[in-house]
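See structure below.
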Amino acid sequence: MASGNSAIQAESAHGAIDDLHEYLAAHPQLSADSQEMLSRESVARKLTFGGVPFTRYLRPHLISQGQYKVIKEVVGMLATALIKLRRAVLHDERLLDELDLTPQERHLSLIDPGFEEPSPSARLDSFWSERDWRFVEMNAESPAAIAYEDVLADLFLELPAIKGWQEASGYRLQPLHARDRFMQAIEDVWAEFRSNRGAANFNERPNIAIVDWAGVPT
């Protein structure tokens, strides 16, 4: 799927990005110290995949307030469309056939889970550039990046180079923390489930298990 380029046309963070690059180039020792801290703390704070740090560059992913506003609008629109599509598929055998599900998958897909949103941890994978923004898939089960990004955002704000750049340039970075919002979404879904299945039969707060296949990097 592809969105329009409205987010690209919104006020860009390109000026701030260029300014940060110039600052890093003008302060090589500060940059080197910050790079060492980023590598060291990434391991200490478990910001790794398969033992390798996620981020090996000193620039965080910067977006402007205008771009963030457009991102929320576009993602909200896509989420609404996907909810409508799911409802339609569950009531139209022809649409369900298009998914080419196995008999077991088809059986599971028709079970009422007791709440409206079956995947509150879904992630829309996309690629963004100064010229275009395209979505490639909805990853329906992977909330891990939310926690990684929150911790990484805090680490970036602690780096001497990022602190020095903000003081020198006047730019101010605002982290987009999401863990609390994610947990609120989980609790909202759980409350809906209890309401539909009988609150007296279930704990007020959910029990949460984090599971994965044995032998995989995650």
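The values are calculated or read from the model by the stated rules, or taken from the named source; none is laboratory data. Being a predicted model, the structure only gives us computed values, none of them experimental. Using ideal geometry, Cβ is built from the backbone for each residue, glycine included, and neighbour counts are taken over all protein chains shown. Each accessible area value is taken on the protein alone, full model and side chains, heavy atoms only, with ligands, DNA and RNA left out. Shrake-Rupley method; radii C 1.70, N 1.55, O 1.52, S 1.80 Å.
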For residue 123, residues with placed amide H under 5 Å, excluding near neighbours
139, 140, 141, 142
If one computes P(r) from the Cα atoms of the chain, what percent of pairs lie at distances over 23 Å?
62
Output the peptides 198-209, 67-78 sorted from most to least packed, where packing is the average of other Cβ atoms within 10 Å over each peptide's residues.
67-78, 198-209
Straight-line reach from residue 163: which aspartates and glutamates have Cα under 14 Å away, leaving out those fewer than 8 places along the same chain?
19, 33, 154
Candidate span helices, the chain: DSSP H, at least 30 Å along axis from Cα coords, Kyte-Doolittle average at least 0.5, result 65-90
Go through the range 94-110 residue by residue and turn each phi into a ³J(HN,Hα) via Karplus (6.51, -1.76, 1.60, θ = phi - 60°); whole Hz please, and just put x for glycine and proline.
5, 5, 5, 4, 5, 7, 6, 6, 6, x, 5, 5, 4, 4, 5, 5, 8
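Return the Rg/Rh value of the range 139-218, two decimal places, where both radii are evaluated on C-alpha atoms and Rh is the Kirkwood radius. Before the final figure, lay out each step's value.
On the way: Rg = 18.8 Å, Rh = 16.1 Å.
Dividing the radius of gyration by the Kirkwood radius yields 1.17.
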Where does the chain land at 222 nm, in deg cm²/dmol rounded to the nearest 500, when only DSSP H runs of n ≥ 4 count, each adding -39500 (n - 2.57), divided by all residues?
-17000 deg cm²/dmol
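When Rg is the radius of gyration of the Cα atoms in the range 56-123 and Rh is its Kirkwood radius, what does Rg/Rh come to? Numbers along the way, then the final one.
Working: Rg = 17.4 Å, Rh = 15.0 Å.
Ratio of gyration radius to Kirkwood radius: 1.16.
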For the peptides 154-163, 16-25, what is the packing order when you average, over each peptide's residues, the other Cβ atoms within 10 Å and list the highest mean first?
154-163, 16-25
Pairs of alpha-carbon atoms within less than 8 angstrom and 6+ residues apart define the contacts here; what relative contact order does the chain have, in percent?
26
Given a 1.4 Å probe, the accessible area of the range 73-199 per residue, as a whole number of Å², is 66
